[in-house]
1. Determine, yes or no, whether A:Asn98 is at pLDDT below 85 and assigned to a helix (DSSP H, G or I).
2. Condition (residue is closer than 23 Å to B:Gly164 by Cβ and part of a helix (DSSP H, G or I)) applied to the range B:275-288: is it met by at least one residue?
3. Any residue that is more than 28 Å from A:Leu266 (Cβ to Cβ), out of contact with any strand residue (DSSP E or B) (no Cβ under 6 Å at 6 or more places or on another chain), within 11 Å of chain B (Cβ to nearest Cβ) and of a type in the set (Gly, Ala, Ser) - is there at least one of those in the range A:162-169?
4. Considering only residues that are assigned to a helix (DSSP H, G or I) and touching a residue at least 60 places away in the same chain (Cβ under 8 Å), look in the range A:357-370 and name the one that is surrounded by the fewest Cβ atoms within 10 Å (Cβ to Cβ).
5. Would you confirm, using the coordinates I've provided, whether A:Glu296 is surrounded by fewer than 24 Cβ atoms within 10 Å (Cβ to Cβ) and under 30 Å from A:Gly182 (Cβ atoms)?
6. Would you mind stating whether A:Leu384 is surrounded by fewer than 24 Cβ atoms within 10 Å (Cβ to Cβ) and at pLDDT below 85?
7. If I filter the range B:219-234 for residues that are small (Gly, Ala, Ser), over 25 Å from B:Thr57 (Cβ atoms) and in contact (Cβ under 8 Å) with a residue 60 or more places away in the chain, do I get at least one hit?
8. Among the listed residues B:Lys74, B:Lys37, B:Lys60, which satisfies the condition of being modelled with pLDDT of 75 or more, surrounded by fewer than 17 Cβ atoms within 10 Å (Cβ to Cβ) and in the same structural domain as B:Ala112 (by TED's automatic domain parsing)?
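The values are calculated or read from the model by the stated rules, or taken from the named source; none is laboratory data. Please read these numbers as outputs of a predicted model, since none were measured by experiment. Cβ atoms come from the backbone with ideal geometry, glycine included; neighbour counts cover every protein chain shown.
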Amino acid sequence: MASTTNSQMFHKTFVRESPVRQRVMGAFFLLLALAIWFFFARSVDGGAISSFGLSTFQAKTQLDPWELPTLNTLYVLAIVCAVFGGIQLSRGFKKYTNAVLAVVVAIFVFGFLVWATAGKSLNLVGLFNTTLSKAVPITLGALSGILCERSGVVNIAIEGMMLSGAMVSALVGSLTQNAWVGLLCAVLTGALLAWVHGVFSIKYKTNQIISGTVINIFATGLTSYISAKFMQVYPALNNPPTFGAIAIPLLADIPVIGEIFFVNNLFVFAMFIFIIILQIALFQTRWGLRVRAVGEHPKAADTLGIDVFKTRYTSVILGGMMAGFAGAYFTLGSAGRFDEVMTAGRGFIGLAAMIFGNWIPTGGFAAGLLFGFADGLASRMAILGITIPSQFLLMLPYIATMIVLAGVIGKGHVPAADGIPYEKE
Amino acid sequence: MFKKLYLVVAVLIIASMALSACQQAATPAPQEPAAPKIKVCQVTDTGGIDDKSFNATAWKGVEDAMKELGVEGKYLESQQQTDYEKNINAFIEDGCDLIVTVGFLLGDATKAAAEANPNQKFAIVDFAYDPTIPNVLGLTFATDQAAFLAGYAAAGATKTGKVGTFGGIQIPPVTVFMDGFALGVKYYNEKHGTNVEVLGWDVANQTGLFTGNFESTDDGRQLGQTLMDEGADIIMPVAGPVGLGTAAAVQERGNAWIIGVDTDWTISASQFTDVIFTSVLKRMDNAVFEAAKEVVEGTFKGGLYVGTLANDGVGIPEFLAGRISDDLKAELEQVKADIIAGKIKTTP
């Protein structure tokens, strides 16, 4: 696999892990173990039971909830964390440190859930399903960013492209009463804006951040104007059909997994398909190699006969189509109507997910899931009545972003020519 | 080549500015010219005149006044918070008899303008000055009373024993709905010995479920699904258009109801009528109309107007068929009478 060069570079830095990092990580694991005991276990009733729902009321086969004795579970989780911490301190997990870090953090989060649910119930299937659908616009945004940036063009206009896609899909969908036509027009809108961005940043070599910002402002103004003057005044223009949930036969009947993964709308399934296609296309095809070459070292690519401009245009426009598709999610896949600035910054979070995911499609998806989970968790906590002010709960995804961007997972690999216009001599 | 580029960039920037400024112009409402009329002028909040929420409802009050009292109505939309002062001053220069400012956020700008122009009459929606200003009428609403009724009805109609609510941003005009709703459920429990739970708002601790914005309809959808997953079958979203996302989720899944806020959603969001349980009405149109009427009749006084169940400033519309039983309807009449008589407390 062509990406091995990448991941080898990536891992080498970890094999040569400094003793400081080893100790800090070990101490961190122990700290989490301590936190589970100190904050959670101490404040729980001995006899409390945490009950996790394993099916929503829509499921054909209703499963009994999964019931755990809160206190004992917390002790077990704390001990597991502590054991991991001890091993890390004494000999270290070397290149598996990151994997173990993920496991320990997951244990901590699970401990938190067990504690929060003490004496109450929480629907796990619902939580994971929300996580997945919250991840959709973020992941698609990340894929759009990956397409552009792998070819060396920074695209911060994803938000604006999404917003325009959302508006156009609602408008066209309402006019034609056909969701597919709306979806197609959203994709074309994204392509059009991306082409504008391409002309600015590839042909005229403007600062790509400025071009992106202009497109964002333009999209906000135009969509708000059309929305206020037409779509809100004539409700018939703002009532598109939506893509409802589809249950995949047989697979949907698998307990738990079926409800989480196989009963979803078009956009969720499309996201999985796009991730797989893009992952393969970028790292295993000639086209992908060319895109990456152009993004890393356009001059070398040019010398070898690759048309740098054409490659960049293609990638940017494909990225724009992806963003337009993501925009259609908000109207055709979610609310069934357009409202001003309804994308609410998801495009920018998509960019963060792209960086977080190290410019790799599957990584972007993992990041999208993390954001989705933090978001879903925040709302469940509010329902469970954890007395943390709502403002702090809403900060969760952003705190997660900052922790991650601050280098917990190590340095990312930015495409070398990212954001630099190519000057043909 | 660069000339061309500058041209394109310039056009784009001008276009985006022009577009965002387009809604700025004062739009005189269509009406037949006549002798000097009383002018009622509305300054909107940033949501715009067609926000299907408080700006639109207040404007409906002005329109009613135009129809029934023969006044002249005008409005200016504020695109951003810095427009408030500018728009108010534009109307003062225009010689408006009554300036209606809409929204909690216009409180400071209105106060400053009222103090600088003591002869100009103002009415402000959702703001109560303490102490009151002699030339400003604050139009406030005891929405908790109407939400209390909705909560009581929801508790009586739920099949799962759980009802849910969430808000946009945790500010008093939002949480007052949630307080009333939760207390209504509690009152039903006390009366009937039931144990209906409210998900999403804890009156005692004043904590609960919020989207953090009034824009993302997708958030509304997700929170709606979350609440349904946790078993709620009647949901009241207090978050403007975000609630329409919740309505979409409820409509898709079925087996649940939605409670509208501010306006009657069976009219303003009629595509969701089949899942709308009831709406908590905040009759800003009535309040603005009353203020205009006082100006026309020369009885305008500054101070405070409080919309309550008693004066029809807040309320819930007639239930559509299939929502609640006749027994519950009768009980609601009694509860309403008790609230008006002051026998039931609707705030924490």
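1. Values: at pLDDT below 85: yes; assigned to a helix (DSSP H, G or I): yes.
Judged against the criteria, A:Asn98 is a match.
2. For the range B:275-288, residues closer than 23 Å to B:Gly164 by Cβ and part of a helix (DSSP H, G or I): present.
3. There is no residue in the range A:162-169 that is more than 28 Å from A:Leu266 (Cβ to Cβ), out of contact with any strand residue (DSSP E or B) (no Cβ under 6 Å at 6 or more places or on another chain), within 11 Å of chain B (Cβ to nearest Cβ) and of a type in the set (Gly, Ala, Ser).
4. To start, the set of residues in the range A:357-370 that are assigned to a helix (DSSP H, G or I) comprises A:361-370.
Filter again for touching a residue at least 60 places away in the same chain (Cβ under 8 Å), leaving A:361-362, A:364-365, A:367-369.
On the way: A:Pro361: 25, A:Thr362: 14, A:Gly364: 32, A:Phe365: 25, A:Ala367: 27, A:Gly368: 32, A:Leu369: 18.
Per the stated criteria, the residue is A:Thr362.
5. no
6. Working: surrounded by fewer than 24 Cβ atoms within 10 Å (Cβ to Cβ): yes; at pLDDT below 85: yes.
Criteria met by A:Leu384.
7. Filtering the range B:219-234 for residues small (Gly, Ala, Ser) gives B:220, B:224, B:231-232.
Restricting the remaining residues to those that are over 25 Å from B:Thr57 (Cβ atoms) gives B:231-232.
Within this subset, residues satisfying the condition of being in contact (Cβ under 8 Å) with a residue 60 or more places away in the chain are B:231-232.
Yes; the residues of the range B:219-234 include at least one that is small (Gly, Ala, Ser), over 25 Å from B:Thr57 (Cβ atoms) and in contact (Cβ under 8 Å) with a residue 60 or more places away in the chain.
8. Values: B:Lys74 fails: surrounded by fewer than 17 Cβ atoms within 10 Å (Cβ to Cβ); B:Lys60 fails: surrounded by fewer than 17 Cβ atoms within 10 Å (Cβ to Cβ).
Step by step, each of B:Lys74, B:Lys37, B:Lys60 is checked, and only B:Lys37 is modelled with pLDDT of 75 or more, surrounded by fewer than 17 Cβ atoms within 10 Å (Cβ to Cβ) and in the same structural domain as B:Ala112 (by TED's automatic domain parsing).
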